[in-house]
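Enquirer: Sharing a structure here in structure tokens format.
The values are calculated or read from the model by the stated rules, or taken from the named source; none is laboratory data. In this text, all values refer to a predicted model and were calculated from it rather than measured experimentally. All Cβ positions, glycine included, derive from the backbone under ideal geometry; neighbour counts span all protein chains shown. The accessibility values were calculated without ligands, DNA or RNA, using every heavy atom of the protein model including side chains. Shrake-Rupley method; radii C 1.70, N 1.55, O 1.52, S 1.80 Å.
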Amino acid sequence: DEAAAVPRLEDPITGLPTAEQFRARFEHELARARQQHEMLALLHLDLDLFKAVNDTLGHAAGDFVLTRVAAVLRAETRKQDTVARVGGDEFVLILPGQVDPAQIEAVARRIIEGLEAPLVFEGRPCRISGSIGATVSCLYPVPEADRMLNDADTALYVSKRRGRGRATIYAPGLRLPEDRRAPELP
């Protein structure tokens, strides 16, 4: 079937670009940044407590939550930013020109606050949060997609292990703390 071989460019639930579209956009943004000597930030968001919503309220509630997450991400980003859904409850953001740690932390804080706002699906509360890992292109002599994605992922897991609902900006030498993961709460 030829239709199955064509990658989706838009996630059917959120309307956001998919992982394939994100990857192409990220490579393009990195090339543009290198040519024009500009910087960018990469944020990796993983939802906290999302599995509990799906497990206790069903996939329709999960889809409802994902559409709300997409709305929060769109509201807290600029027109030139890229927001994509790259996994079940994982999202990435490219913020061109955004490398000031205070600005990145402010964006991340607004996103997390938006995700923690009360949600009700069919009369039942859906409680989620988000953990964010970020990195900035100015940390690398030559910014490369795989390295930046890996470092943002490391920062994301530092956020999760520090208690979730928080953001961490990657710095050289950042390591995962001892595994003190809190259990997922319903």
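Enquirer: Out of all the residues in segment 58-79, is one or more in contact with a Ser or Thr (Cβ under 7 Å, 6 or more places away or on another chain) and small (Gly, Ala, Ser)?
Expert: yes
Enquirer: Pick out the one residue from Val53, Val83, Val69 that is in contact with a Leu (Cβ under 7 Å, 6 or more places away or on another chain), open to solvent by less than 10 Å² (accessible area, probe 1.4 Å) and touching a residue at least 40 places away in the same chain (Cβ under 8 Å). Outline the logic, then answer.
Expert: Working: Val53 fails: in contact with a Leu (Cβ under 7 Å, 6 or more places away or on another chain); Val83 fails: open to solvent by less than 10 Å² (accessible area, probe 1.4 Å).
Every option except Val69 fails the conditions.
Enquirer: Here is a list: Asp100, Asp146, Asp89. Which entry is open to solvent by 30 Å² or more (accessible area, probe 1.4 Å) and in contact with an Asp or Glu (Cβ under 9 Å, 6 or more places away or on another chain)?
Expert: On the way: Asp100 fails: in contact with an Asp or Glu (Cβ under 9 Å, 6 or more places away or on another chain); Asp146 fails: in contact with an Asp or Glu (Cβ under 9 Å, 6 or more places away or on another chain).
The match here is Asp89.
Enquirer: Determine if segment 13-29 includes at least one residue that is among the small types (Gly, Ala, Ser), buried (at least 18 other Cβ atoms within 10 Å of the Cβ) and either touching a helix residue (DSSP H, G or I) at 6+ places or on another chain (Cβ under 8 Å) or without any contact (Cβ under 8 Å) to a residue 60 or more places away in the chain (or both).
Expert: Within segment 13-29, the subset among the small types (Gly, Ala, Ser) is 15, 19, 24.
The next check asks that each one be buried (at least 18 other Cβ atoms within 10 Å of the Cβ); those that pass are none.
No, there is no match, as no residue in segment 13-29 is among the small types (Gly, Ala, Ser), buried (at least 18 other Cβ atoms within 10 Å of the Cβ) and either touching a helix residue (DSSP H, G or I) at 6+ places or on another chain (Cβ under 8 Å) or without any contact (Cβ under 8 Å) to a residue 60 or more places away in the chain (or both).
Enquirer: Next up: Are any residues in segment 107-139 open to solvent by less than 20 Å² (accessible area, probe 1.4 Å) and within 13 Å of the chain's Cα centre (by Cα), and if so, which ones?
Expert: Hits for segment 107-139 are Val107, Ala108, Ile111, Ile112, Leu115, Ser129, Gly130, Ser131, Ile132, Gly133, Ala134, Thr135.
Enquirer: Looking only at residues that are aliphatic (A, V, I, L, M) and either at pLDDT 95 or above or under 14 Å from the mean Cα position of the chain (by Cα) (or both) in segment 159-177, which one is nearest to Asp46 (Cα to Cα)?
Expert: Residues of segment 159-177 that are aliphatic (A, V, I, L, M), as a first pass: 167, 169, 171, 174, 176.
Going one step further and asking which of them are either at pLDDT 95 or above or under 14 Å from the mean Cα position of the chain (by Cα) (or both), we end up with 167, 169.
Details: Ala167: 11, Ile169: 14 Å.
The residue in question is Ala167.
Enquirer: Pairs under 8 Å by beta carbon, first residue over 20 Å from Gly165 (Cα atoms) in segment 125-153, partner of a type in the set (Lys, Arg) and open to solvent by 10 Å² or more (accessible area, probe 1.4 Å), six or more apart or different chains?
Expert: So the pair list comes out as Tyr140/Arg147; Val142/Arg34; Pro143/Arg34; Ala145/Arg23.
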